[in-house]
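Report on the following structure.
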Amino acid sequence: MTNEPIPRANLTEPRADVQLVVMPYADIVRPSLAVGLLHGALKRDHISCRSVYANIRFANLLGPSVPDPSHLKRMLGEWSFSKAAFRDQAPTDALPEGIYRNDFLTADATESVEFRNTMLTIRNELAPAFVDDLAREILSQNPKVVGCSSTFEQHCASLALLRRIKELAPEVVTLLGGANCESEMGLQTVNSFPWVDFTVSGEADEIIAPLCRLIFTHGREIPSDQLPVGVLRREDNPLFLAGKPIPRSVVDSMDSVAVPHFADYFTELEEYQFGESLRPGLMIEMSRGCWWGQKHPCTFCGLNGGGMSFRAKSPERALSELKELASEYGLNRFMVVDNILDQAYLRTVLPVLADEGAPYELFFETKANLKHTHVKTLKDSGVKWIQPGIESFSNDLLKLMDKGASGLHNIQLLKYTREQGIYTTWLLLHSFPHEDDNVHFEVAKFIPLLTHLQPPKSTSVILFDRFSVYHKSPDKYGLNLEPDPDYLSVYPISAEELNNLCYYFVDLNREPMKPGALALTQQAFVWHQLFERHTRPVLTVEVTDKGTEIFDTRPVASQRRHLLTGLREEVYTLCEPAVSTETLKRKLKYDESLISATLESLVEDRLILEMDGKFLALAVPGSIPPVCQLEDFPGGSEVKRPPYTSGLIQAYHERLQLQLQSSQALSEERASLPSQVR
């Protein structure tokens, strides 16, 4: 691999001054909203731009028969591009230790020796060759600026590409932005990796066009006093080292943000013939920040960095953008990326969509204390899938997290979404600072009563992310945080640099999983198994002229059918939504002891759940609609990859050799092109 600058091509097609690249391992089932927004902003300002979906190209190179590191996480994606980024300085050939923890390896990687060999081939051969070929193809367009958006496991791949761009064309200005460049992470990136000219901290929508015009005039030598807010460069570091806050670019009005441009994503999908294996979806943004976190940040959340302030698009803009994107790309599936649903949309945007006949399939993240009428509104408007912040059923733990909801609120929501057929993604978390492990035993005891509802996606230990309350105030919570050790297998930089660069931290004081958390995990696993059966447990209720009839097939059912009449029927009906004993006694004109005895009998029949002095009826009304399948996710889905077997490795090596030969031939062909003075 030569480092000599390549000749610049004479182009027969229009050039794009700015090339924005989506590197692996961004998901290929949807276009990048970050790059789409920046492309839209540049297009609006009449700056030529091309979005390059390198993640699609790399997925094509891997093929469907090879494990996709994007499904494995735990720094494996970063590690797989560390050789391409850091060459002989890449720390180790050993896979990140995190993939061996907590049974992390999936069924695709059960044959660990072959899996390791495959990943080593990707890291040491395929990724460097892919980056070289990609850099040459991009430079054949004669760009002035090449930028990457980096979120989660895209940082090393982005660094690898920008390094190769600089080696081949030193005059091209390189940019890096995204969540991995927020605040000190962006500053450390531009400090540690000199081939990155600028990083952008914060929201680049309103500064990307002015920044590019400055680059067209000055190259990387933009006067410091002209740099847009949020743009970081090594030369300006003394300002921040002296204590000046690291600037962050922020958009004040969401209605001013450009409509995202996704056309290049679909062009690449078509070119690499992913049509049959993908059901793509679109991403749309209706708000930024978090209206709850603005006042009460959840202790573990680090998603917004310095941008917690909540800003939403006007209802008119949100509705018009849905319509415009659906018309432009011929899709009606949308993943709304907001951290939290704007409560005002329950009265504005969603009813309009319902009146229009729910023309779109939507995903939202929501707060967990939604009312029944809210969930009905979601269903009627086309919402197929939500991710509420449930996290636990323990009131004590929810208070520790500052969630602003109760355990019964969370169970109520699962009832409502099951009734409406809305797929609900949520987690059960444990091992919080200052938690009492006994609360998990308490939750584990009543989980068998909930097996007719959608189970958690998984149980998980609490993670410590940069920008979270835990990270900002570790001493308050008795934490001794340091960067996740898996970063050491990726980055060849000092401990101090790593502390500024990383997003994930570990607590050196953390103890092994305690008995309560283990009991919780085991019960959640059983719940999952029951719900994945062809015939799921049900607990349904229907009001007939005979009384209230309940049908129960849960393993803990006291009997299959119940007919509630008289006081039992009245008490049960009043326990939806959850109600206190005092309220029941006030509403019912019966002797208090009789009411208490009736409550007790319903609890014994496992039809009502009691928690902290409140009672909740558990049955789901009416005929239960089917739950969405994973391939129905509005944000796009991929046909399941076939299981990894030993017979596929040879085919992979043959594919690799063909790609390497093709890359070498293409490089030789481009090197023969006449040079062109820019």
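Results, tabulated for the structure shown:
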| read-out | value |
| --- | --- |
| D225, sole failed condition from (1) modelled with pLDDT under 95; (2) under 30 Å from V259 (Cβ atoms) | (2) |
| Residue under evaluation L488, criteria (1) farther than 30 Å from A617 by Cα; (2) out of contact with any helix residue (DSSP H, G or I) (no Cβ under 9 Å at 6 or more places or on another chain); (3) in contact (Cβ under 8 Å) with a residue 24 or more places away in the chain, criterion not met | (2) |
| I595 being touching a Lys or Arg at 6+ places or on another chain (Cβ under 8 Å), among the β-branched types (V, I, T) and surrounded by fewer than 18 Cβ atoms within 10 Å (Cβ to Cβ) | no |
| Helices (runs of 4 or more DSSP H) contained in segment 208-318 and holding at least 2 residues outside the structural domain of V22 (by TED's automatic domain parsing) | 263-271 |
| Breaking point among (1) modelled with pLDDT of 95 or more; (2) closer than 27 Å to K367 by Cβ, for L303 | (1) |
| Any pair with Cβ under 6 angstrom, 6 or more apart, that starts in segment 573-587 at a residue that is farther than 17 Å from T373 by Cα and ends at one that is in a loop (DSSP other than H, G, I, E, B) and at pLDDT below 95 | S580/G613 |
| Restricting segment 256-311 to residues that are in contact with a helix residue (DSSP H, G or I) (Cβ under 8 Å, 6 or more places away or on another chain) and among the aromatic types (F, W, Y), the residue that is surrounded by the fewest Cβ atoms within 10 Å (Cβ to Cβ) | Y272 |
| Within segment 429-443, considering residues that are over 26 Å from the mean Cα position of the chain (by Cα) and either buried (at least 22 other Cβ atoms within 10 Å of the Cβ) or at pLDDT below 95 (or both), the one farthest from Q522 (Cα to Cα) | V439 |
| P634 farther than 21 Å from H452 by Cβ, within 43 Å of the chain's Cα centre (by Cα) and in a loop (DSSP other than H, G, I, E, B) | yes |
| Residue under evaluation E4, criteria (1) surrounded by fewer than 24 Cβ atoms within 10 Å (Cβ to Cβ); (2) part of a loop (DSSP other than H, G, I, E, B); (3) modelled with pLDDT of 85 or more, criterion not met | (3) |
| Per-region count, segment 488-518, residues among the small types (G, A, S) and surrounded by fewer than 19 Cβ atoms within 10 Å (Cβ to Cβ) | 2 |
| Condition met for L563 (touching a Lys or Arg at 6+ places or on another chain (Cβ under 7 Å) and surrounded by 11 or more Cβ atoms within 10 Å (Cβ to Cβ)) | yes |
| Subset of segment 168-199 that is within 18 Å of C212 (Cα to Cα) and not hydrophobic (A, V, I, L, M, F, W, C) - its residue that is surrounded by the fewest Cβ atoms within 10 Å (Cβ to Cβ) | P170 |
| All positions within segment 427-452 that are of a type in the set (F, W, Y), over 25 Å from L574 (Cβ atoms) and either in a helix (DSSP H, G or I) or assigned by TED's automatic domain parsing to the domain that holds E610 (or both) | F441 |
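Residues checked against (1) in a loop (DSSP other than H, G, I, E, B); (2) buried (at least 18 other Cβ atoms within 10 Å of the Cβ); (3) within 24 Å of the chain's Cα centre (by Cα):
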{"site": "F334", "(1), (2), (3)": "no, yes, yes"}
{"site": "V352", "(1), (2), (3)": "no, no, no"}
{"site": "F363", "(1), (2), (3)": "no, yes, yes"}
{"site": "A368", "(1), (2), (3)": "yes, yes, yes"}
{"site": "D380", "(1), (2), (3)": "no, no, no"}
{"site": "K384", "(1), (2), (3)": "no, yes, yes"}
{"site": "L398", "(1), (2), (3)": "no, yes, yes"}
{"site": "G404", "(1), (2), (3)": "yes, no, yes"}
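Residues are listed down the side, and each one gets a yes or a no for (1) at pLDDT 90 or above; (2) surrounded by fewer than 22 Cβ atoms within 10 Å (Cβ to Cβ); (3) part of a helix (DSSP H, G or I); (4) of a type outside the set (A, V, I, L, M):
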{"position": "P64", "(1), (2), (3), (4)": "no, yes, no, yes"}
{"position": "K73", "(1), (2), (3), (4)": "no, yes, no, yes"}
{"position": "A84", "(1), (2), (3), (4)": "yes, no, yes, no"}
{"position": "L95", "(1), (2), (3), (4)": "no, no, no, no"}
{"position": "V113", "(1), (2), (3), (4)": "no, yes, yes, no"}
{"position": "E125", "(1), (2), (3), (4)": "yes, yes, yes, yes"}
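The values are calculated or read from the model by the stated rules, or taken from the named source; none is laboratory data. Note that the structure is predicted; figures quoted are calculated from it, not measured. Ideal geometry is used to build each Cβ from the backbone, glycine not excepted, and the neighbour counts take in all protein chains shown.
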